[in-house]
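Since the structure comes first, as structure tokens, the remarks are kept for the end.
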Amino acid sequence: MPARAAAAAGATLLGAVYWATSATGVTGGDSGELSISAWHWSVAHPPGYPLYTLVGWLWLWPAKLAGLEPAAWLAKLSVIAGAAAGYQLAMAVANGRRGAHAAMQGLAALTIFGLGAVWWSQCVVVEVYPLAQLLVVISYRVWCSSRRQPREAVPVQQRHLAGLALLASLGLGAHFALTIFAGVLGLSVWVRSREVLRLPRTYALVAVGLLPGALVLASMIWRAAATPEVSWAEIDSFQSWLLFLGRDGY
């Protein structure tokens, strides 16, 4: 069985398990707060998790139209993100190789990772971690793809750098660990392909990659002003925004 087909089948089964065991309402931890933040697209507790609240707000539209229980439907976002992370992990472990051996290695990684008690518990409730983990695994897959390319393949390496820059910037809106992870992988690609360093186009592509994450972060100022009753804090200046991102007083 090709690695891609095996990963897709494994992720589908994993998603079915998550879906069947997902929460039917608000659970403990941050579930209630994150449900409210996603419903209103407001600012959650520091550092705000603006990517999660934006994606959650979009995800909740069917629940609003159909009258579904918001927290239960938002938990399904964790289900989808968790299963997708399993697929990306299986593909990263297969690392572009074909054949039954690579497919089985990918499936083994997906199973161990996806059915672990800690990770399973996060993929069936309202939480920020499944979305962040999905982006982490995509970062790792981009890095693996870059390592398979020759150093002289400059356009390919530039695209990989831009992709890692995008993932690192989005990490600031999902979870800071993602920013560190994607940033380190991007630096590895950068150092490996020295020719890339000498091209202005590389820096332009990296800047473009950083832009979406910067816009998501900046949206917190707007959303805090638009939803003061359900936002964690007032963010009315660049300084207060930086302090909030740095978890000042939290």
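The values are calculated or read from the model by the stated rules, or taken from the named source; none is laboratory data. Given the structure is predicted, the values throughout are model-derived calculations rather than measurements. All Cβ positions, glycine included, derive from the backbone under ideal geometry; neighbour counts span all protein chains shown. Heads up: the accessible areas ignore ligands, DNA and RNA and are worked out on the full protein's heavy atoms, side chains in. Shrake-Rupley method; radii C 1.70, N 1.55, O 1.52, S 1.80 Å.
Odds and ends about this structure:
Here's the yes/no breakdown for (1) surrounded by fewer than 21 Cβ atoms within 10 Å (Cβ to Cβ); (2) in a loop (DSSP other than H, G, I, E, B); (3) at pLDDT 85 or above; (4) within 14 Å of the chain's Cα centre (by Cα):
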site: SER145; (1), (2), (3), (4): yes, no, no, no
site: GLN157; (1), (2), (3), (4): no, no, no, no
site: HIS160; (1), (2), (3), (4): no, no, no, no
site: ALA168; (1), (2), (3), (4): no, no, no, yes
site: ILE180; (1), (2), (3), (4): yes, no, no, yes
site: LEU185; (1), (2), (3), (4): no, no, no, no
site: GLY213; (1), (2), (3), (4): no, no, yes, yes
site: ALA218; (1), (2), (3), (4): yes, no, yes, no
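- Residue match in region 75-90 (condition: touching a Pro at 6+ places or on another chain (Cβ under 8 Å), of a type outside the set (S, T, N, Q) and over 27 Å from PRO212 (Cβ atoms)): no
- Residue, farthest from LEU211 (Cα to Cα), within region 50-64, restricted to residues that are within 18 Å of the chain's Cα centre (by Cα) and open to solvent by less than 10 Å² (accessible area, probe 1.4 Å): LEU60
- Some residue of region 33-42 being open to solvent by less than 60 Å² (accessible area, probe 1.4 Å) and assigned to a loop (DSSP other than H, G, I, E, B): yes
- Among residues of region 1-28, those that are modelled with pLDDT under 90 and within 20 Å of the chain's Cα centre (by Cα), counted: 1
- Filtered by the rule that a residue be hydroxyl-bearing (Ser, Thr, Tyr) and surrounded by fewer than 13 Cβ atoms within 10 Å (Cβ to Cβ), region 220-250 gives SER237, TYR250.
- Of all residues in region 20-32, those that are assigned to a helix (DSSP H, G or I) and either under 14 Å from ILE235 (Cα atoms) or open to solvent by 50 Å² or more (accessible area, probe 1.4 Å) (or both) total 1.
- Scope region 1-19; condition open to solvent by less than 80 Å² (accessible area, probe 1.4 Å) and either of a type in the set (A, V, I, L, M, F, W, C) or touching a strand residue (DSSP E or B) at 6+ places or on another chain (Cβ under 7 Å) (or both); matching residues: ALA3, ALA5, ALA6, ALA7, ALA8, ALA9, ALA11, LEU14, ALA16, VAL17
- Residues satisfying the stated conditions in region 74-130, i.e. closer than 18 Å to THR27 by Cα, outside any loop (DSSP other than H, G, I, E, B), among the hydrophobic types (A, V, I, L, M, F, W, C) and open to solvent by less than 30 Å² (accessible area, probe 1.4 Å): LEU74, ALA75, LEU77, VAL79
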